[in-house]
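**Student:** One structure, as structure tokens, below. Some questions next.
The values are calculated or read from the model by the stated rules, or taken from the named source; none is laboratory data. Because the structure is predicted, anything quoted here is derived from the model rather than measured. Here the Cβ positions follow ideal geometry from the backbone for every residue, glycine too, while neighbour counts run over all protein chains shown. To get the accessible areas, we keep the full protein, side chains included, count just its heavy atoms, and leave off ligands, DNA and RNA. Shrake-Rupley method; radii C 1.70, N 1.55, O 1.52, S 1.80 Å.
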Amino acid sequence: MKRVFGILWVVAFLVGGVGVYLRLATGHQLAAYGSYMPWGLWVAMYIYFIGFSAGAFLLSTLVYVFRVKRLERIGKLSLFTALVALVAALLIIWFDMGHMGRFWKVYTSLAWQSMMAWMIWLYTAYAILLLVELWFALRADLVTWSARPGLSGALARLLSFGKTDTSTRALARDAKVLRVLGSIGVPLVVAFNGGAGALFGVIGARPYWNSALLPIAFLVSALVSGGALLTFVVAFFWPERSSVEHRELTAYLGRITLSLLALELLLEWAEFSINLYASIPAHADAFRLILFGPYWWVFWFMHLGFGVLIPGLMLLLRGREVAWVGTAAFLIATTFISVRLNIVLPGLAREQLAGLAQAYVDPRLSLTYFPSVMEWLVGLFVVALGVGLFYAGYQLLPIAQAKEV
């Protein structure tokens, strides 16, 4: 089975690489978005991965800040997942930029009134904090792994930076540093992930986005998707998968994910019901587009069916069985891209002036959008790269090891 997955990963990486070549060689010419729909699949994937990162990090604070003993063993996994997801998010939005080589100018030409500029600085601070916190979380295990032969031992010796102290005092010091860093990270994550919601919410010209609830919804969505991703990984890739401890840990994570999913549904119900009941066209038309438009199946089948109803029933009825919990978490995590697509696209797909779509006719002046082959391939490349980075770290670093190691 591992060989099959390995072959599939290589194929995905190479085929996705074709999309990267096309993006670099032709710019945005092969993309399906245009003047009316300037954002598409890549922006949706960006907030999708950012949600994974923020959610995974916030769950890590349950370990390092709030000292939840039942989750102690997934602390390092949560931090590492957050780091890989952040890399994937920044990479996919980099491909979306018009001039990819100018990304550094945001640091030298900062506009303090720009929400997007603030986001870049928050991401930078978050990336630094993640790297430092992950190192402190791994430090003692890296010292232990330094004695191992092969690549994992060499990498552990390199990353331990000559630190060899694993005394009780050193471990207590590491725990204190982790608690401080985690405490700093909570408002930082709330700021940048809620800020991603605010980035949409402050656009007054797009009534569908212009909601004070959006930053809160982004935070809850991050916890749902991040929690589901971690639950899936723990269920199917954790060491000692036949142990009682593993079954209890998976069931506990499943309950957390189910509770967060219920909260996400509550927020969605509030947003949909209020706007549809008020029936103000500028607001309600985008929600009707989600429910009954050309891509209605994304909401009803991908999101509610495979992302809520089926996994919700699995977690309710088979919440103590590892395979069922892991499968349910996989469904939630993978189908959550539909939630992100239904944030990005409907806000752009409504005419800002009646008759605008008929007034001018051009392929780049369209209110309908479906990702081009090049866009899908670039997205596939980023997913494959993220999976590859995660697998490499999972194998070569003490992210998750058997208890006796």
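**Student:** Please work out which residue is nearest to the chain's Cα centre (by Cα), limiting yourself to the stretch 125-139 and to residues that are touching a residue at least 12 places away in the same chain (Cβ under 8 Å) and open to solvent by 20 Å² or more (accessible area, probe 1.4 Å).
**Tutor:** Once the filter is applied, the top-ranked residue is A127.
**Student:** Scan the stretch 285-330 residue by residue and report those that are closer than 17 Å to L230 by Cα, part of a helix (DSSP H, G or I) and open to solvent by 60 Å² or more (accessible area, probe 1.4 Å).
**Tutor:** Once the filter is applied, which keeps residues that are closer than 17 Å to L230 by Cα, part of a helix (DSSP H, G or I) and open to solvent by 60 Å² or more (accessible area, probe 1.4 Å), the stretch 285-330 yields W324, F330.
**Student:** While we're looking at this one, here's another question. Being of a type outside the set (V, I, T) and more than 23 Å from the chain's Cα centre (by Cα) is the filter here; which residues of the stretch 228-274 pass it?
**Tutor:** P239, E240, R241, S242, S243, E245, H246, R247, E248, A270, F272, S273, listed by residue number.
**Student:** Looking at V202, V189, which is the one that is at pLDDT below 90, over 20 Å from L397 (Cβ atoms) and either within 26 Å of the chain's Cα centre (by Cα) or open to solvent by 30 Å² or more (accessible area, probe 1.4 Å) (or both)? Before you say what the answer is, go through the steps one by one.
**Tutor:** Details: V189 fails: at pLDDT below 90.
That would be V202, the only listed residue that is at pLDDT below 90, over 20 Å from L397 (Cβ atoms) and either within 26 Å of the chain's Cα centre (by Cα) or open to solvent by 30 Å² or more (accessible area, probe 1.4 Å) (or both).
**Student:** With the condition kept exactly as written, say whether any residue in the stretch 363-382 is in contact (Cβ under 8 Å) with a residue 12 or more places away in the chain, open to solvent by less than 30 Å² (accessible area, probe 1.4 Å) and over 24 Å from W39 (Cα atoms).
**Tutor:** No: the stretch 363-382 contains no residue that is in contact (Cβ under 8 Å) with a residue 12 or more places away in the chain, open to solvent by less than 30 Å² (accessible area, probe 1.4 Å) and over 24 Å from W39 (Cα atoms).
**Student:** Do we have any residue at all in the stretch 8-17 that's part of a helix (DSSP H, G or I), free of Cβ contacts under 8 Å to residues at least 24 places away in the same chain and under 21 Å from the mean Cα position of the chain (by Cα)?
**Tutor:** No - not one qualifying residue is present in the stretch 8-17.
**Student:** Between a residue in the stretch 238-266 that is touching a residue at least 12 places away in the same chain (Cβ under 8 Å) and farther than 25 Å from V308 by Cβ and any residue that is among the basic types (K, R) and outside any helix (DSSP H, G or I), which pairs come within a Cβ distance under 7 Å, given they are 6 or more apart or on different chains?
**Tutor:** That search, which allows pairs on different chains as well, returns E240/K403.
**Student:** I've got another one for you. Does A117 satisfy the criteria of being in contact with a Phe, Trp or Tyr (Cβ under 7 Å, 6 or more places away or on another chain), open to solvent by less than 20 Å² (accessible area, probe 1.4 Å) and assigned to a helix (DSSP H, G or I)?
**Tutor:** Values: in contact with a Phe, Trp or Tyr (Cβ under 7 Å, 6 or more places away or on another chain): no; open to solvent by less than 20 Å² (accessible area, probe 1.4 Å): yes; assigned to a helix (DSSP H, G or I): yes.
So A117 does not fit the description; no.
**Student:** A follow-up question, please. For the stretch 100-114, name all the residues that are in a loop (DSSP other than H, G, I, E, B), within 30 Å of T26 (Cα to Cα) and open to solvent by 50 Å² or more (accessible area, probe 1.4 Å).
**Tutor:** Within the stretch 100-114, F103, W104, S109 qualify.
**Student:** Scanning the stretch 320-356 for residues that are among the small types (G, A, S) and at pLDDT below 95, which turns out nearest to W238 (Cα to Cα)?
**Tutor:** G347
**Student:** In addition: How many of the residues in the stretch 140-162 are open to solvent by 30 Å² or more (accessible area, probe 1.4 Å), in a helix (DSSP H, G or I) and in contact with a helix residue (DSSP H, G or I) (Cβ under 7 Å, 6 or more places away or on another chain)?
**Tutor:** 3
**Student:** Show the residue pairs that are 6+ apart or on different chains and have beta-carbon atoms under 8 Å apart, the first residue being within the stretch 152-168 and more than 28 Å from Y391 (Cβ to Cβ), the second being in a loop (DSSP other than H, G, I, E, B) and at pLDDT 90 or above.
**Tutor:** Hits for this filter: T164/S146.
**Student:** Looking for something among the small types (G, A, S), in a helix (DSSP H, G or I) and open to solvent by 30 Å² or more (accessible area, probe 1.4 Å) - is there at least one such residue anywhere in the stretch 83-93? Even if it seems obvious, please write down each step before you answer.
**Tutor:** Within the stretch 83-93, the subset among the small types (G, A, S) is 85, 88-89.
With in a helix (DSSP H, G or I) added as a condition, the list becomes 85, 88-89.
Within this subset, residues satisfying the condition of being open to solvent by 30 Å² or more (accessible area, probe 1.4 Å) are none.
Scanning the stretch 83-93, I find no residue that is among the small types (G, A, S), in a helix (DSSP H, G or I) and open to solvent by 30 Å² or more (accessible area, probe 1.4 Å), so the answer is no.
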